[in-house]
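A.B. asks: One structure, as structure tokens, below. Some questions next.
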Amino acid sequence: MTERARERESVFHDQWAASVDLKALPVREAFEAPTALENRFILRRMGDLRGRRLLDIGCGLGESSVFFALQGAQVTATDLSPGMVETAVQLGLLHSVRLEGIVAPGEELPVASNHYHFVYAANTLHHVTDRETLLQQIHRALIPDGSVFLWDPLAYNPVVNVYRRMASQVRTIDEAPLTFQDVTLARKYFPDARHREFWILSLALFLKYYFVDRIHPNQQRYWKLIYKETPRRLWWWRPLAALDTALTRIPLIKRLAWNMVVWGRKPADTTLAVPTRSTPLPRRSK
């Protein structure tokens, strides 16, 4: 990412951080709400977090960092935006947990090597131009056999792409959704990396916000609004989400998903050479 792009991202997210009410941020809802599909999936694979060291890259407002700390993890929260890091630290204090906050781009993380049991990065990779350098930093920060969990939007769904164009005031111009080539790149550093897609038919919730509730995408961020939904209001949505569990396993159809989770482990054998840019990408079927 160029210095100019970093400055744009930092200013945009500083302004966002300055506009929020800490008490209104959905910490538990972001992981426990029926619509928190990606985070609930990740939590099941993380297991017990008590005493584990966790690095949250691109921590944003801090909901994820605080939630992990509430589960007993020792959390380092990093972000390019000083305002976001400060908000995350203050949100932790509001919930009686302490975070280590570090202001830094993901490609230049000033953290110890071979230190973290988990690295988590939500809606971060699609903000990063040099994704390989970020993956190198994640690989370096993890202990051998440590796990990484990434989740970001996919590039393929035409309806979602229309939404992105409409939501021009709540996004930055430097964002670029992921493709399946990014999974191939991740496997260069995490050979056992797998991926799972979310939100196809269940994206009807976005259509409801626009056509029924009359909420413009620039008025509220839909990806935050979903956490305010209650099980009672989602009676019509649950069957669609259930159907998505099957649809997202079909190779061509899963390209229409909104988000993708990628997870994998750093190889336990530390005698293996660390991948470099000159190392060819491995071939592996999905």
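A.B. asks: Multiplying the sequence separation of Ala18 and Arg40 by 0.36 nm and subtracting their Cα-Cα distance, what value in nm do you get?
C.D. replies: Separation in residues times 0.36 nm, less the Cα-Cα distance, equals 5.1 nm.
A.B. asks: Roughly speaking, what % of Cα-Cα pairs in region 1-86 are separated by over 19 Å, rounded to a whole number?
C.D. replies: Distances greater than 19 Å cover 44 percent of the Cα pairs.
A.B. asks: Just want to confirm a number: the relative contact order over the chain, from Cα pairs under 8 angstrom separated by 6+ residues, in percent.
C.D. replies: 19 percent
A.B. asks: Enumerate the whole-percent occupancy of each 10 Å bin, from 0 to the last occupied one, for all C-alpha pair distances of region 55-142.
C.D. replies: 20, 53, 25, 2
A.B. asks: Shifting gears a bit: Length gain on complete extension for the stretch Glu175 to Leu94, per 0.36 nm per residue less the alpha carbon to alpha carbon distance?
C.D. replies: So the extension gain works out to 26.1 nm.
A.B. asks: Something else: For a quick protection proxy, order the peptides 220-230, 159-169 by their average other-Cβ count within 10 Å, most packed first.
C.D. replies: Packing order, densest peptide first, comes out as 220-230, 159-169.
A.B. asks: If you don't mind, there's one more thing I want to ask. Take the Cβ-Cβ distance between Asn114 and Arg238 as r, set R0 to 41 Å, and report the resulting FRET efficiency rounded to the nearest 0.05.
C.D. replies: E(calc), rounded to 0.05, equals 0.45.
A.B. asks: So, taking all protein chains as they sit and a 1.4 Å probe, how much accessible area belongs to Val119, in Å² rounded to tens?
C.D. replies: Surface accessible to solvent at Val119 totals approximately 0 Å².
A.B. asks: Name the residues whose placed amide hydrogens come within less than 5 Å of the amide hydrogen of Tyr116, ignoring near sequence neighbours (fewer than 5 apart) on the same chain.
C.D. replies: Excluding prolines and chain starts, which carry no amide H, the hits are Leu142, Ile143.
A.B. asks: So if we plug the beta-carbon distance of Arg214 and Glu7 into 1/(1 + (r/R0)^6) with R0 = 41 Å, what FRET efficiency do we get, rounded to 0.05?
C.D. replies: For Arg214 and Glu7, the calculated efficiency is 0.70.
A.B. asks: Where is the GNM fluctuation largest for the chain (alpha-carbon springs, 10 angstrom cutoff): Arg45, Arg53, Arg214?
C.D. replies: Per the Cα network of the chain with a 10 Å cutoff, Arg214 tops the list.
A.B. asks: Determine the calculated [θ] at 222 nm for the chain from helices alone, applying -39500 (n - 2.57) to every DSSP H run no shorter than 4 residues and normalising by the residue count; nearest 500 deg cm²/dmol.
C.D. replies: Result for the chain, helices only: -9500 deg cm²/dmol.
A.B. asks: Which of these, Leu61, Leu154, Leu94, has the largest mean-square fluctuation under a Gaussian network model of the chain (Cα springs below 10 Å)?
C.D. replies: Largest GNM mean-square fluctuation: Leu94.
A.B. asks: Find the centroid of the Cα atoms in region 183-224 and in region 235-260, then give the distance between the two in whole Å.
C.D. replies: For region 183-224 versus region 235-260, the Cα centre distance is 11 Å.
A.B. asks: Give a residue-ordered list of calculated ³J(HN,Hα) values for region 189-205 (Karplus: 6.51 cos²θ - 1.76 cosθ + 1.60, θ = phi - 60°; whole Hz; x for Gly, Pro).
C.D. replies: 9, 10, x, 9, 4, 10, 9, 9, 9, 9, 6, 10, 5, 5, 5, 4, 4
A.B. asks: Another one. In Å², what does the accessible area per residue of region 203-244 work out to with a 1.4 Å probe?
C.D. replies: Accessible surface, normalised per residue, equals 62 Å².
A.B. asks: Looking at the chain only, what percent of DSSP beta bridges run antiparallel? Nearest 5 please.
C.D. replies: Percentage antiparallel, nearest 5: 40.
A.B. asks: Taking θ as phi - 60°, what are the ³J(HN,Hα) couplings along region 142-155 by the Karplus curve (6.51, -1.76, 1.60), each to the nearest whole Hz, with x for Gly and Pro?
C.D. replies: So the J values, rounded to whole Hz, are 6, 6, x, 6, x, 10, 10, 10, 10, 8, 8, x, 8, 8.
A.B. asks: Through the Karplus equation 6.51 cos²θ - 1.76 cosθ + 1.60, θ set to phi - 60°, convert the phi angles of region 12-19 into ³J(HN,Hα) values in whole Hz; use x for Gly and Pro.
C.D. replies: 4, 6, 4, 5, 4, 4, 5, 9
A.B. asks: Taking the Cα centre of region 128-209 as origin, work out the dipole magnitude from +1 charges on Lys and Arg Cβ and -1 charges on Asp and Glu Cβ, in debye rounded to 20.
C.D. replies: 240 debye
A.B. asks: Choose one answer from Ile143, Ile42, Ile253: the residue with the largest mean-square fluctuation in a GNM of the chain with alpha-carbon springs under 10 Å.
C.D. replies: Result for the chain, Cα springs under 10 Å: Ile253 fluctuates most.
A.B. asks: Relative contact order for region 1-140: what percent, with Cα pairs under 8 Å and sequence separation of 6 or more?
C.D. replies: Here the relative contact order equals 25 percent.
A.B. asks: Send over the Kirkwood Rh of region 107-256, from the inverse of the averaged 1/r over different Cα pairs, rounded to one decimal Å.
C.D. replies: 17.3 Å
A.B. asks: At a 1.4 Å probe, what is the % contribution of carbon and sulfur to the accessible area of region 48-173?
C.D. replies: 50 percent
The values are calculated or read from the model by the stated rules, or taken from the named source; none is laboratory data. Computed from a predicted structure; not experimentally measured. Quick reminder, even Gly has a Cβ in these numbers, built from the backbone with ideal geometry, and neighbours come from all protein chains shown. What goes into the accessible areas is simple: the full protein's heavy atoms, side chains included, and nothing from ligands, DNA or RNA. Shrake-Rupley method; radii C 1.70, N 1.55, O 1.52, S 1.80 Å.
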